[in-house]
Amino acid sequence: MSRAPVGVIGTGYVGLVTAAGFAELGSEVWCVDVDEAKIAALRAGQIPIHEPGLEEVVAEQRDRLHFSTDLGPALEHARLLLVAVGTPPTYSGDADLSAVLAVVDSLPASDRHALVMKSTVPVGTGTTVRRLLADQGKGELAYVSCPEFLREGSALRDFRHPDRVVIGDDGGWAGDAVAELYAPLGAPAIRTDVSSAEMVKLASNAFLATKISFINEIANVCEETGADVVEVARGMGLDGRIGSSFLHAGLGFGGSCFPKDVSALKQLAGNSGYHFQLLGAVIEVNELQKRRVVAKLEKHLGHLVGRRIALLGVAFKPDTDDMREASSLVLSARLLAEGARVHAYDPVAEERARELMPGVEFSQTALDALAGADAAVLVTEWPELVGLDWSRAAEAMGGSLVVDGRNALDPGAVRAAGLTYEGIGRP
């Protein structure tokens, strides 16, 4: 059965994965981006981001994927135009909608096209966009809110097996067309109004971020009371009302979604005259959590002036090269400010990290980063770092302290190598 063609505007993490996913389902996909260098690279088969499996899918579906800086071909071939452009936070904490508004301005008047918003936007954006379209004489363009729930590092799997598909519209052909587009994935479809669909995305990420900050607070109390947060989380997670997901204590959350979406929701509430106190605490806990590692290092090493500290992993999570809001950025800056010498290793994110971490020395292997180190901090739980040979690490290090910033290591294996293990919320 032939599948409806799709236009995708924006070829970042969300856009490119979405395009590859629909091509895999059988649609011709017309991808548009203003970045000429990125489009040229994609045409040559070069993937600008690290996402497991994405390069292979793009190569397999190259006949169905079309890349251009011109919106014309997408308009000619596809009725549904999926918008997946960036909405980074501004200095005020609001979402920067300039890229979204640029798309709106670029669209011609049409009664056969629909703008389908995949980008994460504040509640009320749909209302604003439809007003702008009407003001520009393009009011017959349909509008659908269809927020994405893709996680970096598992984005393709999340596309293929979504928990739900949220579709917000005011009725008409476009919402039905989006539902039909996603139907082969077999996920529950939540049909609702545009504002509620926009809120589902922000509220979901804010709740998950709250779980992370909560378990980090419990971890900090565990350190004062002798309890083990890993055991506490295990006991909590078996309660069906709570669940085990996102109950992993560590250095806090980062990436392109949680920090931005939590701040955006808090700002949205503030702009509406409501003080969202809980999210203020979530943000504060997350910021302080990154700095607690410095206190752990000082507890064991005393002053950090001249001390060599090895950071194992710098990306905000495994299986991605994304450095946005990564814990390593704050941690390395604080260590350098304390006079430490910081060496780092990451299997994928080094190129992006170098631009953001001036003063940090990067190594080619984990053991090179550990050479002569007074202490090591596991920042990103890459499998190769979790499975490190700690006997060899102990031989390479000058000191003996290992701070497990993700509670991902085997404390027994670290201690058996003659090293001192310090976790997050663990006795």
*asked:* When the residues of the stretch 70-80 are narrowed to those that are among the aliphatic types (A, V, I, L, M) and in a helix (DSSP H, G or I), which ends up surrounded by the fewest Cβ atoms within 10 Å (Cβ to Cβ)?
replied: LEU75
*asked:* With the structure loaded, tell me whether TYR182 is at pLDDT 95 or above, among the aromatic types (Phe, Trp, Tyr) and under 19 Å from VAL100 (Cα atoms) or whether it fails that test.
replied: no
_Looking for something touching a Leu at 6+ places or on another chain (Cβ under 9 Å), farther than 15 Å from ALA20 by Cβ and among the β-branched types (Val, Ile, Thr) - is there at least one such residue anywhere in the stretch 42-64?_
no
*Among PHE149, PHE159, which is the only one that is aromatic (Phe, Trp, Tyr) and assigned to a helix (DSSP H, G or I)?*
PHE159
*Kindly indicate which of ALA353, ALA315 is of a type in the set (A, V, I, L, M, F, W, C), buried (at least 21 other Cβ atoms within 10 Å of the Cβ), under 17 Å from HIS50 (Cβ atoms) and free of Cβ contacts under 8 Å to residues at least 40 places away in the same chain.*
ALA353
*Name, by its number, the condition in (1) out of contact with any Lys or Arg (no Cβ under 9 Å at 6 or more places or on another chain); (2) surrounded by fewer than 18 Cβ atoms within 10 Å (Cβ to Cβ) that does not hold for ALA393.*
(2)
*Any pair with Cβ under 9 angstrom, 6 or more apart, that starts in the stretch 170-187 at a residue that is surrounded by 19 or more Cβ atoms within 10 Å (Cβ to Cβ) and ends at one that is hydroxyl-bearing (Ser, Thr, Tyr)*: ALA174/TYR143; LEU181/SER27
*What are the residues in the stretch 246-269 that are buried (at least 20 other Cβ atoms within 10 Å of the Cβ) and either free of Cβ contacts under 8 Å to residues at least 12 places away in the same chain or of a type in the set (D, E, K, R) (or both), if any?*
LYS260, ASP261, LYS266
*Kindly indicate the residue of the stretch 188-212 that is without any contact (Cβ under 8 Å) to a residue 60 or more places away in the chain and among the charged types (D, E, K, R) and also farthest from ALA264 (Cα to Cα) among those meeting that condition.*
ARG191
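Determine which member of the set ASP111, ASP94 is acidic (Asp, Glu), out of contact with any strand residue (DSSP E or B) (no Cβ under 8 Å at 6 or more places or on another chain) and under 20 Å from ALA142 (Cα atoms).
Selected residue: ASP111, the only one of ASP111, ASP94 that is acidic (Asp, Glu), out of contact with any strand residue (DSSP E or B) (no Cβ under 8 Å at 6 or more places or on another chain) and under 20 Å from ALA142 (Cα atoms).
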*Hey, LYS138 of a type in the set (D, E, K, R), within 25 Å of the chain's Cα centre (by Cα), crowded, with 17+ Cβ neighbours inside 10 Å and at pLDDT 95 or above or not*: no
*From the set of residues in the stretch 115-135 that are surrounded by fewer than 22 Cβ atoms within 10 Å (Cβ to Cβ) and among the small types (Gly, Ala, Ser), which is farthest from VAL166 (Cα to Cα)?*
ALA134
*Give the residue, chosen from ALA310, ALA326, that is farther than 28 Å from TYR13 by Cβ, of a type in the set (A, V, I, L, M), in the same structural domain as ASP410 (by TED's automatic domain parsing) and surrounded by 19 or more Cβ atoms within 10 Å (Cβ to Cβ).*
ALA310
*The listed residue being of a type in the set (Phe, Trp, Tyr), within 27 Å of ARG324 (Cα to Cα) and at pLDDT 95 or above, out of PHE258, PHE246*: PHE246
*Would you check which residues across the stretch 94-128 are closer than 18 Å to ALA177 by Cβ and either of a type outside the set (Ser, Thr, Tyr) or under 27 Å from the mean Cα position of the chain (by Cα) (or both) and list them?*
LEU107, ASP111, ARG112, HIS113, ALA114, LEU115, VAL116, MET117, LYS118, GLY126
*Subset tally (residues that are touching a residue at least 12 places away in the same chain (Cβ under 8 Å), closer than 20 Å to GLY153 by Cα and part of a helix (DSSP H, G or I)) for the stretch 21-69*: 10
*asked:* I'd like to check something: does the stretch 375-389 contain any residue that is over 16 Å from GLU298 (Cα atoms), among the β-branched types (Val, Ile, Thr), in a helix (DSSP H, G or I) and modelled with pLDDT of 95 or more?
replied: yes
_Single unsatisfied condition, SER272 versus (1) more than 21 Å from GLU148 (Cβ to Cβ); (2) touching a residue at least 60 places away in the same chain (Cβ under 8 Å)_ = (2)
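The values are calculated or read from the model by the stated rules, or taken from the named source; none is laboratory data. Given the structure is predicted, the values throughout are model-derived calculations rather than measurements. Here the Cβ is made from the backbone with ideal geometry for all residues, glycine too, and neighbour counts use every protein chain on show.
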